[in-house]
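Chemist: Quick one: the structure is below, and I'll ask about it shortly.
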Amino acid sequence: MSTPVSTPVSTPKTVLLIRHGEKPDGDTDPNLSAKGWARACAITDTLPALVPTGAAPIAAVVATAASPHSVRPIETVTPITLIRGLPFAHTIADEDVAAVPALLAQPPYAGATVLVCWHHGMLPKLALALGAPPADVPEKWEGDDFHTVWILTYHADGTVGFTMTRQPHL
């Protein structure tokens, strides 16, 4: 008779959570503004520098799926994805944050440093779904904040570290 073995779920080693770049005035354009595109290009250099010491470089990228109302998360990470030749998934709907951990448990995300770009209103729920300690995660991501980066670090003992840092202002 065999004894069932519990295997731990694979996780990335590090996740950088960002909000999409700036949007145009008025909330009807689904695309980035000129400033948002400038940020999208700038993160190709600025985000790799924010990876914690000792962590592997960004190896894969995830963004929320396009919707009729926004393609901004995809646009924000497209330059870093193309310039660095990174695998890129953008199939999960904004509200379906519970599906993200299962995606990140698969190659090429498991064991890697992953950049995730989402809409700010769902980022606290996404951080919690990814195992961030509830006491550390802010209740909301401010609507005018395009600079913050939340970093989740997965430890061998199963705990998840949560830190916040800032991208340079443009």
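Chemist: ³J(HN,Hα) across the range 91-103 via Karplus (A = 6.51, B = -1.76, C = 1.60, θ = phi - 60°), whole Hz, x for Gly/Pro?
Modeler: So the Karplus estimates, Gly and Pro as x, are 10, 9, 5, 3, 6, 8, 4, 5, 7, 5, x, 5, 4 Hz.
Chemist: Short version: ³J(HN,Hα) in whole Hz for each residue of the range 148-154, in order, from phi by Karplus 6.51 cos²θ - 1.76 cosθ + 1.60 (θ = phi - 60°), x for Gly and Pro, what are they?
Modeler: Karplus values, whole Hz, x for Gly and Pro: 6, 10, 9, 10, 9, 10, 9.
Chemist: Just to confirm a number: summing +1 for Lys and Arg and -1 for Asp and Glu over residues other than Met122 whose beta-carbon lies under 12 angstrom from that of Met122, what do you get?
Modeler: It works out to a net charge of 0.
Chemist: Something else: Summing Lys, Arg as +1 and Asp, Glu as -1, what charge do residues with Cβ under 14 Å from the Cβ of Met164 carry, Met164 excluded?
Modeler: -1
Chemist: On a straight-distance basis, which aspartates and glutamates could pair with Lys125 in a cross-link, Cα separation under 19 angstrom, same-chain partners fewer than 8 positions away excluded?
Modeler: Straight-line reach from Lys125, under 19 Å: Asp94, Glu95, Asp96, Asp136, Glu139, Glu142, Asp144, Asp145.
Chemist: Hey, another quick one. How do 129-137, 10-18 rank on mean C-beta neighbours within 10 Å, highest first?
Modeler: Per-residue Cβ counts within 10 Å, averaged per peptide and sorted highest first, yield 10-18, 129-137.
Chemist: To make sure I understand the rule: partners must be lysines, Cα under 20 Å from the Cα of Lys35, and not fewer than 8 residues away in the same chain. Which ones qualify?
Modeler: Lys23
Chemist: Kindly identify the range 1-105 as rounded, prolate or oblate by the Cα gyration tensor criterion: order the square roots of the eigenvalues as a ≥ b ≥ c, call it rounded if a/c is under 1.5, otherwise compare a/b with b/c, prolate if a/b is larger, else oblate. Spell out each step's value before the answer.
Modeler: Working: a/c = 3.10, a/b = 1.62, b/c = 1.91.
Because a/c hits 1.5 or more and a/b fails to exceed b/c, the range 1-105 counts as oblate.
Chemist: Turning to a different aspect of this structure: Could you tell me which of Thr14, Thr81, Ala56 has its Cα farthest along the dipole of the chain towards the positive end, charges placed at Cβ (Lys, Arg +1; Asp, Glu -1), taken about the Cα centre?
Modeler: Most positive-ward Cα: Ala56.
Chemist: Determine the dipole magnitude for the chain: charges of +1 sit on the beta-carbon of Lys and Arg, -1 on that of Asp and Glu, nothing else is charged, the reference point is the Cα centre, and the result goes in debye to the nearest 20.
Modeler: Magnitude of the dipole: close to 440 debye.
Chemist: Taking the Kirkwood radius as the inverse of the mean 1/r across Cα pairs, report the Rg/Rh of the range 30-169.
Modeler: When Rh is taken as the Kirkwood radius, the ratio is 0.92.
Chemist: For the range 40-80, build the convex hull from the C-alpha positions and give me its volume per residue in Å³.
Modeler: Taking the convex hull of the Cα positions in the range 40-80, it is 68 Å³ per residue.
Chemist: Would you kindly state how much longer the chain becomes between Ala56 and Thr159 on full extension, computed as 0.36 nm times their sequence separation minus their alpha carbon distance, in nm to one decimal?
Modeler: 35.2 nm
Chemist: Between rounded, prolate and oblate, where does the range 125-170 land on the alpha carbon gyration tensor, with a ≥ b ≥ c its root eigenvalues, rounded for a/c under 1.5, else prolate if a/b exceeds b/c?
Modeler: The shape class here is oblate.
Chemist: Mind listing the long-range amide H neighbours of Gly21? Cut-off is under 5 Å, sequence gap 5 or more, other chains count too, H placed in the peptide plane at 1.01 Å from N.
Modeler: When sequence neighbours closer than 5 places are left aside, the close amide H contacts are Thr76.
Bear in mind that the values in this text are calculations on the coordinates, not laboratory data. This structure is a prediction, so every number in the text was calculated from the model and none was measured. Virtual Cβ from ideal backbone geometry, glycine too; neighbours counted across all protein chains shown.
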